[in-house]
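Read-outs throughout are calculated quantities, based only on the coordinates presented, and are distinct from any laboratory measurement. Keep in mind that what you see is a predicted model, and the values were worked out from it rather than measured. Cβ coordinates were reconstructed from backbone atoms using ideal geometry, including for glycine residues, and neighbour counts include every protein chain displayed.
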Amino acid sequence: MSKIENFSYDNKIVRDFGIATTIWGIVGMLVGLWAALQLVWPEFNVTQYFTFGRIRPLHTNAVIFAFVGNGIFMGVYYSLQRLLKARMYSDLLSKIHFWGWQLIIVAAAITLPLGITSSAEYAELEWPIDIAIALIWIVFGLNMFGTILKRRENHLYVAIWFYIGTWVTVTLLHVIKNLEIPVHMWDSIPVFAGVQDALIQWWYGHNAVAFFLTTPYLGLMYYFLPKAANRPVYSYKLSIVHFWALIFIYIWAGPHHLLYTSLPDWAQSLGTAFSIMLIAPSWGGMLNGLLTLRGAWDRVRKDPILKFMVVAVTAYGMATLEGPLMSIKSVNAISHYTDWTVGHVHIGTLGWNGMLTFGILYWLWPRLYGTKLFSVKMANTHFWLGTLGTLFYTVPLYWAGWTQSLMWKKFTADGFLAYGNFLETVTQILPMYMLRALGGTIYVVGVLIMAYNLYKTSRAGSLIENVDSSAPAREKYVPKHKEHWHRWIERRPIQMLIISAIVVVIGGLVEIFPMLVIDKNVPKIASVMPYTPLELEGRDLYIKEGCIGCHSQMVRPFRSETERYGEFSKSGEFIYDRPFLWGSKRTGPDLHRVGGKYPHSWHYNHMLEPESLSPGSIMPAYPWLLDQDLNTDYTAAKIKVLKMLNTPYPSGFEDRAVDDLKAQAKRIADEMKEQGVEQEGLENKEIVALIAYLQRLGTDIKPK
């Protein structure tokens, strides 16, 4: 008989991550609410550091990595210890992980409003913070696998499979996506360009959603839902199919974000096919969760924790059905670049991640503090506010998305665009944006009620920092009879790690490798030339101000788009775009063919006061671009890095790049004076660089 060993569980680290989850959740959601208000009333763009373009990535990073990230670690640190019958491998690593992650969040909260960004969606943070993320993620992995290896339980429960799959895949995604060469401390240039960068971005972006917002939360669902219901998981076999099918199929689906773009058709078709296949494992997991509650629906009606979890799992099912449907080309032609996509994403974040996090917090807090929940009535109130807030947020966005698409595509009987002025499609959906802001307000009020409820619960008890426990020492497992093949994997965490890595790497290699080595996937266009130094600096200002959050640079091959914008975009036009800037949302018009469409003075006045040229515009003003001098300290360094990446600048061009920049700036400033712009020293201002970049867009080819 095995020797009984005494040990204790670490509750303090769970409590710390729980507090961080709550605080950062409130902060991230308030920033998101402010951004929603900016889309209705531009006056909410109060300073250059708090414009929509700068706080939108702040909101997404705060909600994804601060709120959901801390929620993941809270749930993993609690469940892993109890599933393995072992304290975390190292209390020191736990503390390094916690404080390191919080410092990363603070760094993001400082740098993003300053305009320090790589522009890559869900990967906006610059290279020093990327390195810090990698190091802290490794600390988390060491702590997790150290605990697994010293476990007292032979078999690994299904939740742990999802934790392992999450860790290995996020590691892979983070490293490949952030292959970049630093220019200076807070700027870098990605290794990949144009179409290749677009594919890698959405291979990363889609799978950041899949393996950060989904798979770890499925692990939490498999642990906390049965615990809250006091019932076993409905089907062990279904959980096996769910796990392996999900991690294999998910990794292929990224290209569905690039349908009808310049990405080759074969890659688009792969993304569509695997996205549709995702319905099966996703719904298998949803049904496994809901059927766990069979026979307990009377408890669900009375227990707010179970109600939160049921709505969360249902929202997961809705989002994972809608995503594949939106990956069908005919549906994507309607949904892409519209608010439909934004509504779809928030079904996942508000419904799936948010509601499951709230349910887990309500379940954990009384157990951490050895008391009862302060107010079940307040928890029920929060549940209804969360549910109604989600509906008031998402339903108007669906309506807005369909309205946008129908208006963009509508032609008159004479064959002209019915809404040739893009602004008409913006003003039409402002009431939906107001309702979205109302929904966000309702949701945030619910979170504030939860924070108070948890605070009062903690005050009614005291934290049980260490929970004493005991279990037999683990012995080598010898099966007494033939067992299920999957048991062999479950007993071997290293093998599970390796097999999981192989499964997720397959899809990435098949999609990415041909794009990097087969030239015909990106046909060259002889007339496409690298950006001038002034245009390069203007492009960086475009990135700094977050213009990509509202404007796309991809004219798709639809008559409605070629009539509105001009010739559809070709893959060869983007070979010097590092990073690519195709965008994923059109709150404003597409800009790929904006070059030469307006005089310089129009852009100048548009940045100074948008409504002077576009009455009713919700675009913020950018007066500081007219006042701030252009920084050319790193222009030569940028040229050097781009030459390293085979951009064909002439030999020694970096040494005369600033002179070239000043000469072009002087020409543009002189032309602006001829157009009536009266400002001294205009050639030294940031606005000139931005205008140079905008006037270059889409002019490298001359369609018939």
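Okay, here's what the table says:
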{"read-out": "Under 19 Å from the Cα of K673 - aspartates and glutamates, other chains or at least 8 residues apart", "value": "E609, D627, D629, E683, E686"}
{"read-out": "Built amide H within the under 5 Å cut-off of Y89, gap 5+", "value": "T147"}
{"read-out": "Stokes-Einstein D (µm²/s) once Rh is taken as the Kirkwood radius of the stretch 324-397 over alpha-carbon pairs, at 25 °C in 0.890 mPa s", "value": "171 µm²/s"}
{"read-out": "Amide hydrogen neighbours beyond the local backbone of I181, cut-off 5 Å, H modeled", "value": "I189, V191"}
{"read-out": "Shape of the stretch 334-481, Cα gyration tensor, a/c cut at 1.5", "value": "oblate"}
{"read-out": "Volume in Å³ per residue [convex hull over Cα atoms, computed for the stretch 561-704]", "value": "144 Å³"}
{"read-out": "Under-22-angstrom lysine pairs by C-alpha in the stretch 272-415, whenever the two are 8 or more apart or on separate chains", "value": "6"}
{"read-out": "In Hz, Karplus ³J(HN,Hα) per residue of the stretch 230-239 (6.51, -1.76, 1.60; θ = phi - 60°; x = Gly, Pro)", "value": "6, 9, x, 4, 4, 9, 5, 5, 5, 5"}
{"read-out": "Sum of side-chain charges, L361 neighbourhood, beta-carbon under 12 Å (Lys, Arg +1; Asp, Glu -1)", "value": "+2"}
{"read-out": "Size of charge dipole - the stretch 533-696 - debye, nearest 20, with Cβ of Lys, Arg +1 and Asp, Glu -1, no other charges", "value": "780 debye"}
{"read-out": "Alpha-carbon centroid distance for the pair the stretch 45-88 / the stretch 204-246, whole angstrom", "value": "19 Å"}
{"read-out": "Per residue convex hull volume, Cα atoms of the chain, in Å³", "value": "163 Å³"}
{"read-out": "Ranking of S118, S651 by count of other Cβ atoms within 10 Å, fewest first", "value": "S651, S118"}
{"read-out": "Residue-averaged 222 nm ellipticity for the chain, from DSSP H runs of 4+ at -39500 (n - 2.57), nearest 500", "value": "-20000 deg cm²/dmol"}
{"read-out": "Principal axes of the stretch 9-84: Cα extent on each, largest first, Å", "value": "53, 18, 15"}
{"read-out": "Debye, to nearest 20: dipole size of the chain, +1 on Lys, Arg Cβ, -1 on Asp, Glu Cβ", "value": "3660 debye"}
{"read-out": "Exposure proxy ranking, count of Cβ atoms within 10 Å, fewest first, for S8, S560, S2, S275", "value": "S2, S8, S560, S275"}
{"read-out": "Rounded, prolate or oblate (a/c below 1.5 giving rounded, otherwise prolate when a/b exceeds b/c) for the stretch 423-516 by Cα gyration tensor", "value": "oblate"}
{"read-out": "Computed over the stretch 92-204, Kirkwood Rh from alpha-carbon pairs, angstrom", "value": "15.7 Å"}
{"read-out": "Cα-based reach from K643 at 30 Å (exclusive), listing lysines while leaving out same-chain residues under 8 positions away", "value": "K177, K520, K524, K544, K570, K662, K666, K685, K702"}
{"read-out": "Interchain or long-range residues, amide H under 5 Å from K685's placed H", "value": "L630"}
{"read-out": "Three-way shape call for the stretch 263-333 based on the alpha-carbon gyration tensor, with the a/c threshold at 1.5", "value": "prolate"}
{"read-out": "Integer Hz, Karplus 6.51/-1.76/1.60 couplings in order for the stretch 384-395, x for Gly and Pro", "value": "5, 5, x, 5, 5, x, 4, 5, 5, 7, 7, 4"}
